[in-house]
1. Could you tell me whether the range 82-225 comes out rounded, prolate or oblate from its Cα gyration tensor? Rule is a ≥ b ≥ c as square roots of the eigenvalues, rounded for a/c under 1.5, then prolate if a/b exceeds b/c, otherwise oblate.
2. Calculate, for Phe202 and Val178, the FRET efficiency according to 1/(1 + (r/R0)^6) with r their C-beta to C-beta distance and R0 41 Å; round to the nearest 0.05.
3. Pick from Asn150, Asn76, Asn63 the residue whose mean-square fluctuation is largest in a GNM of the chain, springs joining Cα atoms under 10 Å.
4. Helix-only mean residue ellipticity at 222 nm, the chain, DSSP H runs n ≥ 4 weighted -39,500 (n - 2.57), per residue, nearest 500. What is it?
5. Taking the chain on its own, what percent of its Cα-Cα pair distances exceed 27 Å?
6. Would you list Leu93, Leu8 from fewest to most Cβ contacts within 10 Å?
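Please treat every number below as a calculation from the coordinates, not as lab data. Computed from a predicted structure; not experimentally measured. Glycine gets a Cβ as well: all are built from the backbone with ideal geometry, and neighbour counts include every protein chain shown.
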Amino acid sequence: MMDILLLLGGFVALVYGADKLVEAAASFAKKLQIPSIVIGLTIVSFGTSAPEFVVNLFASLENNSDIVLGNILGSNIANILLILGTSAIIYPLTVKKQTTWIEIPLSVMAAIAVFFLASDQLIDHATQSAITHIDGMMLLLFFLVFIAYNISLTIKSKNDEDIETKDYSILVSTLLIVLGLTLLGAGGKAIVYGATNLAETFGISQRIIGIIIVGIGTSLPELATSVVAARKQKTDIAIGNIVGSNIFNTFFVLGTSATISSVQVSSAAMYDIYVNIACSVLLFGLLFIGKSHTISRKEGFIMLGLFITYIASITL
């Protein structure tokens, strides 16, 4: 019971901490007259992936590879099947041409990159597969390329649309940043500790705990953002949030995790890696079925059905 309360408290602290950190950091940046472009590409973009990053940071420091990989793969799979599926049911998602031909294929490539980096046994006939320190650094280099692409794109579009931010004083912003970082740290530590104990207590593999509890739990900010965007019929935000988060999770979060500590890849985890690729390919394929560049309500229900099937396949 204590471990479950620890997990729930950790998720509350994590989500609230990330929210306050983003609000305060964005307000602080505004006071310093930093352009909205930079705020959007750095502070706001980091906000929804902060829970995955913090949890993986602590899991990496403790060499807990199952939580590290389960969190990333579980989050990415939930982002596509659960969150985009739910968003499409609320309101059909129309996808921009640029997102269709550049950003979604990039998320497919990111998923495939994880497969190759994790396939030491399959490709090199090694005794154990792992995403090593070098692999992590390579993922971080891909992340830098992704950031450079976004900066280039924003400059070309000459779009410096004002981003809504809270109007905090410098002092309040600083205090809230400290509070946000403290809550993120405490929440991340609590989740890793609670998840590990829960797995040991009930004899559940840490991989399953990482995917179902940690992975889905850390996707709560993406769920909130995309569902609200879908309700307001802002479909670009709903799908852009998910695709960007998956790329961020793979290149930055997993890259940082592997750089800190090599991530051991079990044979069971390879199944999740295959599903992760399949989800990314499915998202791309759905844009050409039925109404072009649109994910319909019917397709949203199919995605939810596939998510339930996947959860059943790893638990039953």
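1. Numbers: a/c = 1.61, a/b = 1.16, b/c = 1.39.
Verdict is oblate for the range 82-225.
2. On the way: r = 36 Å, r/R0 = 0.88.
Efficiency, rounded to the nearest 0.05: 0.70.
3. Asn150
4. Details: 13 runs with 213 residues, N = 316.
Rounded to the nearest 500, it is -22500 deg cm²/dmol.
5. Details: 20752 of 49770 pairs.
Value for the chain (Cα pairs over 27 Å): 42 percent.
6. Working: Leu93 26, Leu8 14.
Sorted ascending by nearby Cβ count, the order is Leu8, Leu93.
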